[in-house]
C-alpha cells in the first residue's frame with residue numbers, strides 16, 4: 001500500500017525488523033495474513049505512536065513495548081474470535097469493542113477479519129477521533145466508531161461484545177451485556193481473574209462464566225486469557 005513505514009518503528013532495539021517480528025508472531029498464533037494486512041498493522045502502529053506524542057492515547061510510548069503489548073496482544077484474540085464469527089449464517093456479523101481506547105483490539109480485528117463489522121466505543125473523544133482517522137488512512141470499510149458511553153447506546157445485537165482491561169466482569173456485564181445478541185458472546189480480555197470477581201459477577205448479574213481460554217502472546221512473558229460469558233439460561 002502506501003509509503004515506506006517505520007520512521008518510528010526503526011527505533012525498535014531488536015535484531016529483527018518490526019515486519020519480521022510481526023510475521024513470526026502471526027505464524028506462532030496460526031494466522032495467515034495477506035501482505036496488505038501486514039502493512040496495515042504496521043501502519044496502524046506507526047500512526048498510533050505518532051499520535052501518541054501529541055494526544056496521549058496510551059501510556060505505552062516505547063515502540064518495542066507497543067508492538068508487543070498492543071499489536072501482538074490484540075492479534076492473540078483473532079483466532080478465538082474468528083471461530084465464533086465464521087459459523088454465523090446471517091449477512092451481518094458484528095463485533096462491539098467496548099472502551100476501545102486507541103482501537104485495541106478493535107482496529108486490529110477489523111484489519112484481520114474484513115468480513116466482520118467492528119464498532120469501537122469509547123467515552124474519550126480524542127481516542128475515537130484517532131480511530132476515525134484510521135478508518136480513512138487504512139481504508140477500513142468494516143470499521144466504525146462512536147464517542148459515547150456504552151450504557152447510553154441503543155442495544156446493538158452484536159455477535160461479539162469484547163473489552164480489553166475495561167472493568168471488572170460485573171461492571172462489564174452490567175454496562176455492555178445488553179448489546180449481546182441472543183446467541184452472541186460477551187468476552188473479556190484479562191490478565192488474571194480472581195475467584196471473588198467471578199463470584200461478584202455470578203451473584204449480582206444474569207451472566208455466568210462459560211469458560212476461560214488461555215492466550216499466549218508472542219514475546220510477552222505475562223498471563224493473558226479470554227473470559228467467555230453467557231446469560232443464565234443460554235446454552
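The values are calculated or read from the model by the stated rules, or taken from the named source; none is laboratory data. Every value quoted in this text rests on a predicted model; they were computed, and no experiment measured them. Here Cβ is always computed from backbone atoms with ideal geometry, including for glycine, and neighbour counts include all displayed protein chains.
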Worksheet item: What helices (runs of 4 or more DSSP H), lying completely within region 25-133, carry at least 3 residues that are over 16 Å from the mean Cα position of the chain (by Cα)?
Response: 35-55, 63-66
Worksheet item: Can you find a residue in region 97-105 that is over 23 Å from residue 191 (Cβ atoms) and surrounded by 19 or more Cβ atoms within 10 Å (Cβ to Cβ)?
Response: no
Response to the item:
Taking region 185-201 and keeping residues over 16 Å from the mean Cα position of the chain (by Cα), modelled with pLDDT of 95 or more and either over 15 Å from residue 211 (Cα atoms) or surrounded by 15 or more Cβ atoms within 10 Å (Cβ to Cβ) (or both) leaves 196, 197, 198, 200, 201
Worksheet entry | Checklist (1) surrounded by fewer than 18 Cβ atoms within 10 Å (Cβ to Cβ); (2) touching a strand residue (DSSP E or B) at 6+ places or on another chain (Cβ under 7 Å); (3) closer than 18 Å to residue 176 by Cβ applied to residue 125, failing item | (3)
Worksheet item: How many residues are out of contact with any helix residue (DSSP H, G or I) (no Cβ under 7 Å at 6 or more places or on another chain) and either at pLDDT below 95 or more than 26 Å from residue 58 (Cβ to Cβ) (or both) when one looks only at region 144-163?
Response: 2
Discussion item. Criterion first (within 18 Å of the chain's Cα centre (by Cα), closer than 19 Å to residue 113 by Cβ and not in a strand (DSSP E or B)) does residue 156 satisfy it?
Written reply: yes
Item to complete: Could you identify the single residue in 148, 173 that is loosely packed, with under 14 Cβ neighbours inside 10 Å and touching a residue at least 24 places away in the same chain (Cβ under 8 Å)?
Response: 148
Worksheet item: Taking residue 98, is it under 21 Å from residue 180 (Cβ atoms) and at pLDDT below 95?
Response: no
